[in-house]
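Notes to accompany the following structure.
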Amino acid sequence: MQLIAFKGMPGTGKSTLARALARELCWPLLDKDDIKDVLDQSIPESGGLAYETLFSLVRRQTLLGLDVICDSPLTFERSYRQLRKIVAETNAILLIIESRCADEHVWQERIDARKALNLPGHHQTDWQAFQTYRQSMSVQASYAITDPHFIVDTLRPLPELLSEIRHWLATYPDPIQHSK
C-alpha cells in the first residue's frame, strides 16, 4: 500500500492537487486543515493536536491496508519522521509530493484570494503577513527527505500535473498488489 504525503508552503497548490489526486485515485484524503478547522473552534493552540489526530488517522487507514493521501505542509522534520514511523509499522511505501509555485506574483494572488473565502484564522490569507511566516519556516522546512520525493511546479495546468504524478506513482508499484 502507498502513503502519499503532500508537502509545501501555503498557497503553492498542494491541497488543490491532493484533492484532485484523491478524487482521481478514489483514495481517502486526510487533511490537517480539516482537523484544525474543527479544533480551532474549541481549543486554542490546536496545531499540535491537529497533527497528532492526522497521524493517528493515517496510521489507522494504513493498518487497514488502505492507500491514503495525507495533506499537510510537512514543514517540520518531526512530522516527516512520524510518517516514516507509520510506514515502518504498516509496511506502506511513503511517497512525498512537494508543491511549489515558481511565480511569486501568482503565488501572491493565490494567498490574497483566500481573503474572500472566509477561512478560519490559521489559514494564510495575506501575502505580506505570509512573508514573515515564510521566512521563519524556510530553514525548518529544508530537511533531507530520504523517501521517493517528487517536486511539482503548480503553475502548469492541473490535468498535466495529475498525469505527471500518475506516471511517477506508477514507478512505485504496491508490492502487496503485485504479489496477488
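The values are calculated or read from the model by the stated rules, or taken from the named source; none is laboratory data. All of these numbers come straight from a predicted model, not from anything done at the bench. Neighbour counts are summed over all protein chains in view; Cβ atoms, including those assigned to glycine, are modelled from backbone coordinates with ideal geometry. The protein model used for the area step is the full one, side chains on, heavy atoms only, and it has no ligands, DNA or RNA in it. Shrake-Rupley method; radii C 1.70, N 1.55, O 1.52, S 1.80 Å.
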Quiz item: Within the stretch 76-100, can you find the residues that are more than 26 Å from Cys26 (Cα to Cα) and either buried (at least 21 other Cβ atoms within 10 Å of the Cβ) or in contact (Cβ under 8 Å) with a residue 60 or more places away in the chain (or both)?
Solution: Phe76, Glu77
Exercise. Under 7 Å between Cβ atoms, at least 6 apart or on separate chains: pull out the pairs that start in the stretch 160-180 with a residue that is under 21 Å from Thr16 (Cα atoms) and end on any residue that is modelled with pLDDT of 95 or more and assigned to a loop (DSSP other than H, G, I, E, B).
Key: Leu161/Thr154
Exercise. For residues that are over 28 Å from Leu49 (Cβ atoms) and loosely packed, with under 13 Cβ neighbours inside 10 Å, tally how many sit in the stretch 104-129.
Key: 5
Quiz item: Do we have any residue at all in the stretch 120-140 that's in a loop (DSSP other than H, G, I, E, B), touching a residue at least 60 places away in the same chain (Cβ under 8 Å), of a type in the set (A, V, I, L, M) and closer than 27 Å to Ile43 by Cα?
Solution: no
Exercise. Of the numbered conditions (1) at pLDDT 85 or above; (2) under 19 Å from Arg19 (Cα atoms), His123 fails exactly one; give the number of that condition.
Key: (1)
Exercise. Considering each residue of the stretch 28-51, count those that are at pLDDT 95 or above and open to solvent by 50 Å² or more (accessible area, probe 1.4 Å), and give that number.
Key: 1
Exercise. Return only the number of the condition from (1) within 25 Å of Ala129 (Cα to Cα); (2) in a helix (DSSP H, G or I) that Arg23 does not satisfy.
Key: (1)
Quiz item: Does Thr62 satisfy being β-branched (Val, Ile, Thr) and either under 12 Å from the mean Cα position of the chain (by Cα) or modelled with pLDDT under 90 (or both)?
Solution: no
